[in-house]
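Asks: Pasting a structure below so you can have a look.
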Amino acid sequence: MQVIGIHLEPVPGQLPAPVSVYNAGMQFSTLFFDLDATLYPASNGLWDEIRERIYQFMREEIGIPEAEITETRDRYWTTYGTTLEGLRVHHQVNPADYLAYVHDIPLGDYLQEDRDLREILASLPQNLWVFTNADRDHAGAVLDTLGIRDLFAGIIDLLAMDFAIKPQPQAYQIALRIAGVEKPERSILFDDLPPNLLGASSQGLGTALVGKDGQGEQADFYLPTIHELRDKIPQLWSDS
Ligand SMILES: [Mg+2]
């Protein structure tokens, strides 16, 4: 097999690893995008509204006293990666009921079609996946509202991960398998949460922190907003 124009470090005495024709010459083959507070800004209020619905669920559906809700939610988030996982473990909450409840929000109040983002994502030569700890119904609704759903090969959600969510190692292994990625170092995870990026880098993926200036955080790339992809990672479009 003759491979032209790939950019792997030459190793004396070894042939470069084969790459697919589609990605010949590309440094990165696959881009994974977190959903909430990554593909739309955390400042638009949607994420705050989801958090409020989570508090409401804990208060009204489970009966956790008001004074304990914030601390309990923070503890579940820190310990298990999502509030849901803590509620599953400690309160036997049905995930489908919880997810439907907390995402019962009129998305159009917070999100709108994002043609600029669509144009940027559509021009990327890599395979694009959504990789989120949320569920596929919520993710699909957000992507539909933004007008970018068709640009992704698929949605890898907490059900696909069988609840072994980011930053657990299995989450990344499942995502890489679903996306058919054999070389994790040729993929990047875009995410607003540093622990998720730490988990990604420990599995060999490249990392891009979205929505923060990067002070005190470790990532390969920093994007104040996802719209700055071209400025911050121009090599995604380059052959060389
Ligand atoms: Mg997020």
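The values are calculated or read from the model by the stated rules, or taken from the named source; none is laboratory data. Everything quoted here is computed from the prediction, not taken from an experiment. Using ideal geometry, Cβ is built from the backbone for each residue, glycine included, and neighbour counts are taken over all protein chains shown.
Asks: Please go through the range 179-196 and give me each residue that is assigned to a helix (DSSP H, G or I) and either within 16 Å of the ligand (Cβ to nearest atom) or among the acidic types (Asp, Glu) (or both), ordered by number. Reasoning before the result, please.
Replies: As a first pass, look at the range 179-196 and keep what is assigned to a helix (DSSP H, G or I): 184-186, 194-196.
Listed by number, the residues that qualify are GLU185, PRO194, PRO195, ASN196.
Asks: If you don't mind, another one. What's the number of the condition THR30 fails, among (1) crowded, with 17+ Cβ neighbours inside 10 Å; (2) within 16 Å of the ligand (Cβ to nearest atom)?
Replies: Condition (2) is where THR30 drops out.
Asks: Name the one entry in LEU121, LEU128, LEU111 that is in contact (Cβ under 8 Å) with a residue 24 or more places away in the chain and part of a helix (DSSP H, G or I).
Replies: Exactly one residue qualifies, and that residue is LEU121.
Asks: Of LEU176, LEU158, which residue is farther than 15 Å from THR38 by Cβ, outside the structural domain of ARG53 (by TED's automatic domain parsing), more than 12 Å from the ligand (Cβ to nearest atom) and part of a loop (DSSP other than H, G, I, E, B)? Give the steps one after another, and end with the answer.
Replies: Numbers: LEU176 fails: part of a loop (DSSP other than H, G, I, E, B).
Sole residue among the options that is farther than 15 Å from THR38 by Cβ, outside the structural domain of ARG53 (by TED's automatic domain parsing), more than 12 Å from the ligand (Cβ to nearest atom) and part of a loop (DSSP other than H, G, I, E, B): LEU158.
Asks: Moving to a separate point now. Suppose we keep only residues that are assigned to a loop (DSSP other than H, G, I, E, B) and of a type outside the set (A, V, I, L, M, F, W, C) within the range 135-155. Which one would you say is nearest to GLU85 (Cα to Cα)?
Replies: Initial filter on the range 135-155 (assigned to a loop (DSSP other than H, G, I, E, B)): 135, 147-148, 152-153.
Retained after the next criterion (residues that are of a type outside the set (A, V, I, L, M, F, W, C)): 135, 147.
Working: ASP135: 13, GLY147: 30 Å.
Result: ASP135.
Asks: While we're here: I'm told VAL93 meets every condition in (1) assigned to a loop (DSSP other than H, G, I, E, B); (2) hydrophobic (A, V, I, L, M, F, W, C); (3) surrounded by fewer than 15 Cβ atoms within 10 Å (Cβ to Cβ) except one. Can you identify the failing condition by its number?
Replies: (3)
Asks: A further question on this structure: Being modelled with pLDDT of 95 or more and either surrounded by 12 or more Cβ atoms within 10 Å (Cβ to Cβ) or away from the ligand (no atom under 16 Å from the Cβ) (or both) is true for just one of ASP135, ASP114, ASP104, ASP109. Which residue is that? Please lay out each step first, then the result.
Replies: Working: ASP135 fails: modelled with pLDDT of 95 or more; ASP104 fails: modelled with pLDDT of 95 or more; ASP109 fails: modelled with pLDDT of 95 or more.
Selected residue: ASP114, the only one of ASP135, ASP114, ASP104, ASP109 that is modelled with pLDDT of 95 or more and either surrounded by 12 or more Cβ atoms within 10 Å (Cβ to Cβ) or away from the ligand (no atom under 16 Å from the Cβ) (or both).
Asks: Please go through (1) within 27 Å of ILE156 (Cβ to Cβ); (2) surrounded by fewer than 15 Cβ atoms within 10 Å (Cβ to Cβ); (3) at pLDDT below 90 for ASP74 and return the number of the only condition it doesn't satisfy.
Replies: The one condition ASP74 does not meet is (3).
Asks: Now, a different point. Please pick out the residue among GLY199, GLY204 that is in a loop (DSSP other than H, G, I, E, B) and either within 13 Å of the ligand (Cβ to nearest atom) or touching a Phe, Trp or Tyr at 6+ places or on another chain (Cβ under 9 Å) (or both).
Replies: Details: GLY199 fails: in a loop (DSSP other than H, G, I, E, B).
Answer to the check: GLY204.
A quick yes/no check of all residues on (1) modelled with pLDDT of 85 or more; (2) within 15 Å of the ligand (Cβ to nearest atom):
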residue: TYR22; (1), (2): no, no
residue: MET26; (1), (2): no, no
residue: PRO41; (1), (2): yes, yes
residue: GLU60; (1), (2): yes, no
residue: THR79; (1), (2): yes, no
residue: LEU84; (1), (2): yes, yes
residue: HIS91; (1), (2): yes, no
residue: TYR98; (1), (2): yes, no
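Asks: Conditions: (1) at pLDDT 95 or above; (2) assigned to a loop (DSSP other than H, G, I, E, B); (3) basic (Lys, Arg). LYS166 meets all but one. Number of the miss?
Replies: Here LYS166 clears every test but (1).
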